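The values are calculated or read from the model by the stated rules, or taken from the named source; none is laboratory data. On a predicted model such as this, the values are computed, not experimentally measured, just so you know. Virtual Cβ from ideal backbone geometry, glycine too; neighbours counted across all protein chains shown.
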């Protein structure tokens, strides 16, 4: 993954698109797919770019009257963290509850090939 050249003058949508391009592998494809699903689920969603630090270029955020979720990418996982996920009905249990933090996340790993 290349280092982000994110500047304060770019829109959040452009910064998210740049992150997807920079990842350049299954993580970029996964984050792009999650972004598409979020936009389909809520056409009025607002894309934001927050928490820029010297060691990290920032985090994609999707919100509508408050944060819906964040989209984080790591070496072996793409993680969506839902701010109010602990209050979601989750009968199939695809979400991972973080009870003390009142949020829920969903990790997406690359598909492993069967031998």
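Is there any pair linking a residue in the range 49-63 that is at positive phi and loosely packed, with under 12 Cβ neighbours inside 10 Å to one that is part of a loop (DSSP other than H, G, I, E, B) and at pLDDT below 90, with Cβ under 7 Å and at least six apart or on different chains, and which? Sorted first by the residue in the range 49-63, then by its partner, the list stays empty. Of all residues in the range 33-48, those satisfying the criterion of being under 15 Å from residue 79 (Cβ atoms) and crowded, with 17+ Cβ neighbours inside 10 Å are 34, 35, 38.
Residue count for the range 58-91 under the criterion of being over 13 Å from residue 16 (Cβ atoms), outside any strand (DSSP E or B), in contact with a strand residue (DSSP E or B) (Cβ under 7 Å, 6 or more places away or on another chain) and modelled with pLDDT of 90 or more: the result is 1. In a residue-by-residue description of the range 65-77, the property of being farther than 18 Å from residue 27 by Cβ and exposed (fewer than 15 other Cβ atoms within 10 Å of the Cβ) applies to at least one position.
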